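The values are calculated or read from the model by the stated rules, or taken from the named source; none is laboratory data. Remember, predicted model here, so these are calculated numbers, not experimental data. We place every Cβ from the backbone using ideal geometry, glycine too, and count neighbours over all the protein chains shown. When the accessible area is computed, the model is the full protein with side chains, heavy atoms only, and any ligands, DNA or RNA have been set aside. Shrake-Rupley method; radii C 1.70, N 1.55, O 1.52, S 1.80 Å.
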Amino acid sequence: MVDYTARDLLGRSLHFSQRLLESVAANATPGVGVRHKFTGLDVLRGVAALAVLLVHSNRLLDAEWLVPSGWLAVDLFFAMSGFVIAHSYDHKLESLGGMGFFRVRFIRLWPLFMLGVALGALLALILLVRGGQNFGLSDVAVAIFCAALFIPAPMSALSQGALSPLNTPGWSLILEIWINCAFGFLHRRWSERVICAVAGFSALGIILFGVGGGHDIVHYFFRICFSFPLGVLIYRRREQLPRLGVLKPVLLPAVALSFFVEPSLAYQKTFVLLLSPAFLVIGSQCEFDRRVAEYCAMASYCVYAIHAPVLMLVGGFARSLGFSVVGITIFTIGALLVLPPYIDALYDRPMRLWLSQLKIRLPGMLRL
């Protein structure tokens, strides 16, 4: 009965998501399309988001063997982002302009990221009320302010070096918005020669210094400055690439298995420099069921943007109330996979529509 209910909820979510996408097409945020040409990449995004969700859940599940390399999915996200951004905006940026492009990307990323930040702030306030913390209310306020502007939080007792302490996966979203700015404002300079130079320099940095861990901004810089430009280059050269779509049957199993490999230093470099670009090329040439692809495209960012603070909140409540942490975590993972269509309908799309209609007056040329 439990399995039937889960399948029924997933089926209803897919149907609801499809109807929602069709019904709001007329009111979609500018620059955010509802049709997905590269369905293989949409499904790949779903698998990558699931890997990140599971790697942040494995300690709560007492299963640290579960996708130990799942955090490398972020580099696959960076590469896919470069590909999709180039596909969507390479021919629009002349008319859209750098500030217009920044506005579109800000509106796309901000609502769900800030929902995760709000949940993280709630957790921080609960910890403050309970006492015994070495950070204060001002640290929380500064972290919220920085997150709202997509800028790294300063070093504090709360951040401890994290770029986004209230929603830790947000470090990648902060870098994403800034490399998007570089793409938008300097688009005319993004020649293939420049892309190869930036990606090559960053690849050398990864080879010499590794992918890194913790909160090392240098490693973050090399990772996004390799994968995002490479994604742009792969899109622009897609017609000259070998036809690898025949590998579709093994694509998703290979991606899933790649996250189960122990993340040694050599494997981290191999994944970022070789496996991630290969998965991108194969995925861009594969077609999957449109409904599944649309669900993955919509749900992947929602899951990524809010899962970390949700897991910390739920895990903390489970421990304090004496509930089974493993059981509650499994339920939470299921909820995070089922609820995105409803979050999309009731929060994300209304917020994006409101932001797209909002006029913010700033001095000089900085105007949204």
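Of note:
- Using equal-weight Cα scatterers in the Debye expression, the normalised intensity of the chain in log10 at q = 0.10 Å⁻¹ is -0.64.
- CD proxy at 222 nm, helix term only [per DSSP H run n ≥ 4: -39500 (n - 2.57); per residue of the chain; nearest 500]: -22000 deg cm²/dmol
- Relative contact order (percent, whole number), the chain, Cα cutoff 8 Å, 6+ residue spacing: 32 percent
- The trypsin sites (Lys or Arg not before Pro) found in region 189-285 that occupy coil by DSSP, while having at most 16 further C-beta atoms within 10 Å, are ARG237, ARG243.
- 25 Å Cα-Cα reach of LYS269 towards lysines, excluding residues that sit fewer than 8 places from it in its own chain: LYS248
- Axial C-alpha extent at least 30 Å, average Kyte-Doolittle at least 1.0 - helices from the chain (DSSP): 93-130
- Relative contact order of region 124-254, pairs being alpha-carbon contacts under 8 Å that are 6 or more residues apart, as %: 15 percent
- Solvent-accessible heavy-atom area per residue, rounded to whole Å², over the chain at 1.4 Å: 48 Å²
- Charges were assigned to the Cβ only: +1 to each Lys and Arg, -1 to each Asp and Glu. The resulting dipole of the chain about its Cα centre is roughly 980 debye.
- Here the contact order of region 209-368, divided by its residue count and restricted to Cα pairs under 8 Å and six or more residues apart, works out to 19 percent.
- Shown here for region 288-352: chymotrypsin sites (Phe, Trp or Tyr not before Pro) in loop regions (DSSP other than H, G, I, E, B) with at most 14 other Cβ atoms within 10 Å, namely PHE323.
- Solvent-accessible area, 1.4 Å probe, carbon plus sulfur percent, for region 296-343: 82 percent
- Prolate/oblate/rounded label for region 64-117 (Cα gyration tensor, a/c 1.5): oblate
- Set of lysines with alpha-carbon distance to LYS92 below 21 Å, sequence-local pairs under 8 removed: LYS37
- Hydrodynamic radius of region 92-216 per Kirkwood, over alpha carbon pairs, in Å: 16.5 Å
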